[in-house]
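Single-structure report; data block below.
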Amino acid sequence: MKTEMDTHTPLTLEERLKKIENAIARKKLLADGQCVPSFTTAENMEIYDCVFKLCNRKRTHYSEQIYEKYLNYLEERIMEKVIPRLLGKHGTALLKEVAHSWSEFKAFADSIYKFFEYLDRFYVPRRGLLLLADAPKHYYGRQIAEDREGKNIDRNLLNTVLGLFIALGGNGTTNYYEKFEQIMLAETAAYYCELSMQWWFWHDSLSSYLRKVDWCLVQEEARAEAYPCETTKAKVLEVMKYILLERNAKRWAGRQKANGVAAEDQELLSKYACLSLDMDSSASVSRATDL
């Protein structure tokens, strides 16, 4: 296939997209141990340049599409290579396979990230999106969100993965569990922020809102009991209380004055009326909601 350096003429949109697709297909073969040539520095730069130019087209740029492509590549890899290898395994065999598959998946993600790194430098910060560099941990932790939505997940597998991040340890910027936890807290904040907005949009009364909040807290507390780190449970619940109660307190207080509170909900109102977070907790919650 031609390159711009060979022909001195710009590649078309279709040719750039095709080059990216072919490069990812070749990266998959390399990750699978197939006998295909490794990428040279020039080839890596060529694909990076394709991404750069697609994201900087004058009339119509394709940053959003390219961003989604990278995330889709990771999701496809998990479905094709990770999940099938975990099915049917238990105990030590499962833990070993999780560790092995995570290592391979992370290596694949890192190898294709070089093509898309430009997005993390400009597009992602401007849009406040998930950093592509953090996407591998995001997709390994996506089961938590699916659990909240009532989907059937393998909680034992989830806890094994969380335990793996703790076992990997690390310090500073390489603390795997800490980074995973930050992403999980940010997703918790985003999930309950959207839920709260939906309840407000449908004009829930304060009584109805408090019942829903109480139900969510009970469910989340039960879910968090399985987390391997006790501090994670506390942080998740702090984020929930901040999003659902602390941050929206004045708005819901106004609706309370208008609609009153049902007699049977007075106990719930009393339960949450005195809610306050200490300074350390508030700081950690604010960091999570800002991620």
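The values are calculated or read from the model by the stated rules, or taken from the named source; none is laboratory data. Please read all numbers here as calculations on a predicted model, not as lab measurements. Every residue, glycine among them, receives a Cβ derived from its backbone with ideal geometry; neighbour counts consider all protein chains shown. Surface accessibility is based on the protein's heavy atoms, side chains included, excluding ligands, DNA and RNA. Shrake-Rupley method; radii C 1.70, N 1.55, O 1.52, S 1.80 Å.
If R0 is taken as 25 Å, the Cβ-Cβ distance between ASP32 and LEU71 corresponds to a FRET efficiency of 0.75. Highest mean packing comes first when the peptides 40-47, 229-236, 207-214 are listed by Cβ atoms within 10 Å, giving 207-214, 229-236, 40-47. By a 1.4 Å probe calculation restricted to protein chains, SER103 has an accessible surface near 70 Å², given to the nearest 10. Cross-link pairs exceeding 20 Å between alpha carbons, from the set LYS28/LYS106; LYS89/LYS179; LYS19/LYS81: LYS89/LYS179; LYS19/LYS81.
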